[in-house]
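Worksheet: the structure to be examined is printed underneath.
The values are calculated or read from the model by the stated rules, or taken from the named source; none is laboratory data. Here the structure is a predicted model, which is why all the values come from computation and not from measurement. Note that we place each Cβ from the backbone using ideal geometry, even for glycine, and neighbour counts take in every protein chain shown.
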Amino acid sequence: MQQAANERFLAFSSDKALVQTFWVFAFAFFTAVGAQIEIPHQPVPYTMQTFFVLLAGAILGKRNGLISMGIYLGTGLLGLPVFSGAGFGLTRLLGPTGGYLLAFPVAAFVVGYLVSLRTHFGWTLASMVIGLIIVFTMGTIQLNVVYTHDWNSAFASGFLIFSWWDAVKLFAAATIAWQYKRMISAN
């Protein structure tokens, strides 16, 4: 009897691990696709990447969100064209947009952690705002260091310029994540 229960548990755990693995890779893929949905802008283009970064953290949780975004960065480092404009390689991570990219795992982790603390929509939205601030801050710092060499210019072109675009993505991501969490908790 105990052996049968153990076997059912192992089968469930194995299925759960496969499902988690699928979604970790799926969000890395979605982020790569989001990078190709681009409105050209210099020095940093408008993309859909942060939408998927925020969702990865909120839906996958802190650990799996971090892993998913790590896989995304790793595939770009290995030469797959997953960054904006089908870019790839270490030069992208060291260039003007590298700070944003390097912030993705951190933001996904923080959003995943914060969303796990409370379940209401306002908290989900606030958690994602914090995630975006992390992305913008790390991105703006690197943009200043490697490109503009002027904090005012870096802040204007790397932080403030994204406000309207990311507000739309933020609200959409928070709504999807919150509805998903409600659906999961109802089952």
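Residue-wise test of (1) over 19 Å from residue 48 (Cβ atoms); (2) buried (at least 23 other Cβ atoms within 10 Å of the Cβ); (3) free of Cβ contacts under 8 Å to residues at least 12 places away in the same chain.
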| site | (1), (2), (3) |
| --- | --- |
| 101 | no, yes, no |
| 114 | yes, no, no |
| 121 | yes, no, no |
| 128 | no, yes, no |
| 134 | no, no, no |
| 139 | no, yes, no |
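Quick check, is residue 98 farther than 25 Å from residue 167 by Cα and of a type outside the set (Val, Ile, Thr)? Quick ask: steps written out before the conclusion?
Numbers: farther than 25 Å from residue 167 by Cα: no; of a type outside the set (Val, Ile, Thr): yes.
Considered against the rule, which asks whether it is farther than 25 Å from residue 167 by Cα and of a type outside the set (Val, Ile, Thr), residue 98 comes out as no.
Does the range 62-83 contain any residue that is of a type in the set (Phe, Trp, Tyr) and within 19 Å of residue 31 (Cβ to Cβ)? Can you show your working first?
Of the residues in the range 62-83, the ones of a type in the set (Phe, Trp, Tyr) are 72, 83.
Going one step further and asking which of them are within 19 Å of residue 31 (Cβ to Cβ), we end up with 72, 83.
Yes, the range 62-83 contains at least one residue that is of a type in the set (Phe, Trp, Tyr) and within 19 Å of residue 31 (Cβ to Cβ).
When only residues in the range 106-159 that are farther than 13 Å from residue 59 by Cα and of a type in the set (S, T, N, Q) count, which is nearest to the chain's Cα centre (by Cα)?
The residue in question is 137.
Determine whether the range 92-99 contains at least one residue that is touching a Ser or Thr at 6+ places or on another chain (Cβ under 9 Å), in contact (Cβ under 8 Å) with a residue 24 or more places away in the chain, under 23 Å from residue 174 (Cβ atoms) and part of a helix (DSSP H, G or I).
Initial filter on the range 92-99 (touching a Ser or Thr at 6+ places or on another chain (Cβ under 9 Å)): 92, 96-99.
Filter again for in contact (Cβ under 8 Å) with a residue 24 or more places away in the chain, leaving 96-99.
Add one more test, that the residue is under 23 Å from residue 174 (Cβ atoms), and what stays is none.
No, because not a single residue in the range 92-99 is touching a Ser or Thr at 6+ places or on another chain (Cβ under 9 Å), in contact (Cβ under 8 Å) with a residue 24 or more places away in the chain, under 23 Å from residue 174 (Cβ atoms) and part of a helix (DSSP H, G or I).
Results for (1) farther than 14 Å from residue 23 by Cβ; (2) part of a helix (DSSP H, G or I), shown as yes or no for each residue.
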{"position": "50", "(1), (2)": "yes, yes"}
{"position": "54", "(1), (2)": "yes, yes"}
{"position": "58", "(1), (2)": "no, yes"}
{"position": "67", "(1), (2)": "no, yes"}
{"position": "74", "(1), (2)": "yes, yes"}
{"position": "80", "(1), (2)": "yes, no"}
{"position": "101", "(1), (2)": "yes, yes"}
{"position": "109", "(1), (2)": "yes, yes"}
{"position": "118", "(1), (2)": "yes, no"}
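Could you list, in sequence order, all residues of the range 48-65 that are surrounded by 24 or more Cβ atoms within 10 Å (Cβ to Cβ) and hydrophobic (A, V, I, L, M, F, W, C)? If you could, list the steps in order and put the result at the bottom.
If we filter the range 48-65 for residues that are surrounded by 24 or more Cβ atoms within 10 Å (Cβ to Cβ), which is where we start, we get 49-50, 52-58, 65.
52, 53, 54, 55, 56, 58, listed by residue number.
Name the one entry in 151, 164 that is aromatic (Phe, Trp, Tyr) and either closer than 26 Å to residue 91 by Cα or in contact with a helix residue (DSSP H, G or I) (Cβ under 9 Å, 6 or more places away or on another chain) (or both).
Numbers: 164 fails: either closer than 26 Å to residue 91 by Cα or in contact with a helix residue (DSSP H, G or I) (Cβ under 9 Å, 6 or more places away or on another chain) (or both).
Testing whether each residue is aromatic (Phe, Trp, Tyr) and either closer than 26 Å to residue 91 by Cα or in contact with a helix residue (DSSP H, G or I) (Cβ under 9 Å, 6 or more places away or on another chain) (or both) leaves just 151.
Look through the range 20-47, keep the residues that are buried (at least 20 other Cβ atoms within 10 Å of the Cβ) and modelled with pLDDT under 95, and return whichever of them is nearest to residue 180 (Cα to Cα).
47
Out of 61, 85, which single residue is in contact (Cβ under 8 Å) with a residue 40 or more places away in the chain, of a type in the set (Gly, Ala, Ser) and more than 30 Å from residue 153 (Cβ to Cβ)?
Answer to the selection: 61.
Count, please, the residues in the range 148-170 that happen to be surrounded by 13 or more Cβ atoms within 10 Å (Cβ to Cβ), closer than 19 Å to residue 49 by Cβ and among the aromatic types (Phe, Trp, Tyr).
Looking only at that region, the number is 3.
Could you identify the single residue in 34, 74, 87, 98 that is in contact with a strand residue (DSSP E or B) (Cβ under 8 Å, 6 or more places away or on another chain) and not hydrophobic (A, V, I, L, M, F, W, C)? Even if it seems obvious, please write down each step before you answer.
On the way: 74 fails: in contact with a strand residue (DSSP E or B) (Cβ under 8 Å, 6 or more places away or on another chain); 87 fails: in contact with a strand residue (DSSP E or B) (Cβ under 8 Å, 6 or more places away or on another chain); 98 fails: in contact with a strand residue (DSSP E or B) (Cβ under 8 Å, 6 or more places away or on another chain).
Sole residue among the options that is in contact with a strand residue (DSSP E or B) (Cβ under 8 Å, 6 or more places away or on another chain) and not hydrophobic (A, V, I, L, M, F, W, C): 34.
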